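Data block below; observations after.
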Amino acid sequence: MTTDGSAPRWAQRPAAQREGIEVGPLATVLVLTLAVVGFAVVGLSFWIQREAEAAHEKAAAGARYPELEQTEVHARARLNHYRVIDDAAGVYQIPIERAIEVLARDTVPPEELTTEVRF
């Protein structure tokens, strides 16, 4: 009751009546909506990750590594040039391809050389 003796405003309203709303279809729609949104978020996440990796690979492919290039040049020079290691002992460095030819020639008699691969 209020100070003037009348009923409160909320009590003057008519009581709410149940309208018979089915919860099953509403819950189904809610669950399906959440599933679709979830799949969309997961798919978008994978797509963004794939794009980021592609951008990283593209940037890495264009990157220069001077120390690596210098190391490769030095390694090629050591593998492909003649050099005196110890002249007194008769030790010399020869190119790797030539060394392979010499080893192949000196190891296998020429009549046994073949291009066949035997297993």
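The values are calculated or read from the model by the stated rules, or taken from the named source; none is laboratory data. This structure is a prediction, so every number in the text was calculated from the model and none was measured. FYI the Cβ positions are ideal-geometry reconstructions off the backbone, even for glycines, and counts take in every protein chain you see.
What to note about this one:
- Of the helices (runs of 4 or more DSSP H) lying entirely inside the stretch 23-119, those carrying at least 1 residues that are without any contact (Cβ under 8 Å) to a residue 12 or more places away in the chain and under 36 Å from the mean Cα position of the chain (by Cα) are 23-62, 66-80.
- For the stretch 62-82, the candidate set comprises residues that are over 29 Å from Tyr92 (Cβ atoms) and not hydrophobic (A, V, I, L, M, F, W, C); within that set, the residue that is modelled with the lowest pLDDT is Gly62.
- Residue in the stretch 103-111 that is of a type in the set (Lys, Arg) and at pLDDT 85 or above present: no
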